[in-house]
């Protein structure tokens, strides 16, 4: 539990960089709670369900509790071309960047919501819990003030995230298309070569 | 089938246990307190308690693999009700994780109880995982913890369970139809095609079955494309909202490239079909609708509240397209049919978004319900009343007879009444009522309009006209 919170803290308070290196440390710290195999980790873990690098596909995991995004372990093919490497790096980087943003977002939302509720209850002179030990909830009209405030304060950040996300998503998809086309081309030319060599 | 005997039995058991426990409260341990809290709750919770008893009989619960109990997959047509705020409070008392070793018979029902409830209100494949997610996301303040030895075991069990949820990112061909259906939001597409069919049926021309089929197919394909591209754009946002976190792209069932290919495979034939087999105007409207939905509405959702108005236009275009498919031109009737859908969108969407305010705010969506709540209610009311106005205009434009405003008045008044209640009270209950009403109100309105359709008077060919009328009247809308 403690390791998870320190990991979360590290991710939240680390500088918000777009060029975070897709290093073991970044992966490890983010995902240390689920202890999955990283790209560099060659020893397959105990349970048969854990993804090892020797697999033939990417693996996608359960949603991260902080960012609600699902982590992906990328498969590295043997003869990885430059294009594939670029794609993989971009996907990994985008994943980390997304995780950063959403962890921060969810964390600050929850924190500010708690503070808002507590301050509102204090203003009314009520305790956080009522006689039966249940948490008091505020009226939805009152909460709406908080929700609106949250959106307003984060407006610029959201729109810049938006633009960046659209750009990255588009680039990743275009790269995937190029990789797929190149693979098809390779398969076709290899088959032609095989046909021509078998014919001669 | 099992409910009545179980009801009485567990009710009896519960009552007797409660009496005993109330007498011995100081000497009892945590389990008693939990039981009492269980019974103090809303009686509707007893149903989930019985559900649990039924489940326990039905499913094998292995000792260390309690987490693997199969939860019946629930796929309601629309997930609307999000009772997160309620469940978060209840979760405060419950023991945070299921501990299989410490077989507290009470802690199990407690845990599964609060799990079953969110299971009903939100879609999720693994109830517990999302429950834990919500725990950490909402920042559990004051959750009671078990003794340390129990915690370590549950952590390890949790690790193993999380490991099992890792899946290979490869396409499972058997799942593809289901994945495509989810991508295309097939139920929403069906409703879109229905509204387009209504526009087609209301057009004052002889009914052409082939044209009807081709235009419905084209409009359906265009809708599939728009929905897929929308999901392609919104992956991280969808992951963070309860309503949408089980979409195929979020779960990694297919890659983004695959989704885009599917969208192109639907969109290009769809628009081509509309342009070539129907008429260019309908094709143009189809392409325009796709553009409006994917490139205007989707980005605008995060920038400004005007997204709702753009979305209303997107919803209004299908019946217009149906009309233009039948007649080939943009008549007054087309705009009227579009107007019905446009006005209907506001009570429908505003009521839906009212109960999702927290999710929208956290996800960064700018919706009227979050930023301008009073405008949200006002607009819903205004447009519900507008429906009455439009129904009155229909016979003036020769689309329907004068019977239509009269027979549609009851349902229009009812939805306006609910919108008024929503305007005054502005709570979850009234929003939910309005939303559910809007779901049946629109099909009813379109059906009534069709039954009151103005019969075409064609003096040159009376038998043909009669035949056409007979065809039209036998056409199901």
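Descriptive notes on the structure:
- Taking region B:229-253 as the range and being within 17 Å of residue B:171 (Cα to Cα) and more than 11 Å from chain A (Cβ to nearest Cβ) as the test, the residues that pass are B:247, B:248.
To keep it simple, each residue is scored yes or no on (1) within 24 Å of the chain's Cα centre (by Cα); (2) in contact (Cβ under 8 Å) with a residue 40 or more places away in the chain; (3) not in a helix (DSSP H, G or I).
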| position | (1), (2), (3) |
| --- | --- |
| B:284 | no, no, no |
| B:303 | yes, yes, yes |
| B:311 | yes, no, no |
| B:319 | yes, yes, no |
| B:339 | yes, yes, no |
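- Residue A:48 more than 23 Å from residue A:167 (Cα to Cα), within 12 Å of chain B (Cβ to nearest Cβ) and either part of a loop (DSSP other than H, G, I, E, B) or at pLDDT 85 or above (or both): yes
- Qualifying position, being part of a helix (DSSP H, G or I) and surrounded by fewer than 20 Cβ atoms within 10 Å (Cβ to Cβ), among B:404, B:436: B:436
- Among the residues listed as A:94, A:110, the single one being within 10 Å of chain B (Cβ to nearest Cβ), touching a helix residue (DSSP H, G or I) at 6+ places or on another chain (Cβ under 9 Å), under 30 Å from residue A:186 (Cβ atoms) and in a helix (DSSP H, G or I): A:94
- In summary, residue B:213 fulfils each of the numbered conditions (1) surrounded by fewer than 22 Cβ atoms within 10 Å (Cβ to Cβ); (2) in contact with a helix residue (DSSP H, G or I) (Cβ under 9 Å, 6 or more places away or on another chain); (3) more than 20 Å from residue B:311 (Cα to Cα); (4) more than 10 Å from every other protein chain (Cβ to nearest Cβ) with the single exception of condition (2).
- Here residue A:131 meets the list (1) modelled with pLDDT under 85; (2) within 25 Å of residue B:431 (Cβ to Cβ) almost entirely, failing just condition (2).
- Matching entry among A:166, A:161 (being within 10 Å of another protein chain (Cβ to nearest Cβ), surrounded by 15 or more Cβ atoms within 10 Å (Cβ to Cβ), out of contact with any strand residue (DSSP E or B) (no Cβ under 7 Å at 6 or more places or on another chain) and under 30 Å from residue B:169 (Cβ atoms)): A:161
- Taking region A:68-104 as the range and being under 18 Å from the mean Cα position of the chain (by Cα) and more than 21 Å from residue A:172 (Cβ to Cβ) as the test, only A:104 passes.
- Answer residue from region A:55-64, given it is touching a residue at least 24 places away in the same chain (Cβ under 8 Å) and in contact with a helix residue (DSSP H, G or I) (Cβ under 7 Å, 6 or more places away or on another chain) and is farthest from residue B:163 (Cα to Cα) among those: A:64
- Matching residues, region B:267-281, being buried (at least 16 other Cβ atoms within 10 Å of the Cβ) and either touching a strand residue (DSSP E or B) at 6+ places or on another chain (Cβ under 6 Å) or under 30 Å from residue A:87 (Cα atoms) (or both): B:267
- Some residue of region B:254-266 being more than 14 Å from chain A (Cβ to nearest Cβ), crowded, with 22+ Cβ neighbours inside 10 Å, at pLDDT below 95 and closer than 30 Å to residue A:88 by Cβ: yes
- Region A:113-128 - residue that is touching a helix residue (DSSP H, G or I) at 6+ places or on another chain (Cβ under 7 Å) and part of a helix (DSSP H, G or I) and, of those, nearest to residue A:151 (Cα to Cα): A:113
- Test for residue B:392: is it under 17 Å from residue B:338 (Cα atoms), without any contact (Cβ under 8 Å) to a residue 24 or more places away in the chain and in contact with a helix residue (DSSP H, G or I) (Cβ under 7 Å, 6 or more places away or on another chain): yes
Every residue, every condition in (1) surrounded by 14 or more Cβ atoms within 10 Å (Cβ to Cβ); (2) at the interface with another protein chain (Cβ under 7 Å from one of its Cβ atoms); (3) closer than 16 Å to residue B:256 by Cβ; (4) free of Cβ contacts under 8 Å to residues at least 40 places away in the same chain, yes or no:
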| position | (1), (2), (3), (4) |
| --- | --- |
| A:74 | yes, no, yes, yes |
| A:102 | yes, yes, no, yes |
| A:116 | yes, no, no, yes |
| A:126 | no, no, no, yes |
| A:139 | no, no, no, yes |
| A:142 | no, no, no, yes |
| A:170 | yes, no, yes, yes |
| A:179 | yes, no, yes, no |
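- Filter pass, residue A:147 being more than 30 Å from residue B:427 (Cβ to Cβ) and either in a loop (DSSP other than H, G, I, E, B) or at the interface with chain B (Cβ under 8 Å from one of its Cβ atoms) (or both): no
The values are calculated or read from the model by the stated rules, or taken from the named source; none is laboratory data. Here the structure is a predicted model, which means the values were calculated and not measured. Reconstructed Cβ throughout: ideal geometry from the backbone, glycine too, with neighbour counts over all protein chains shown.
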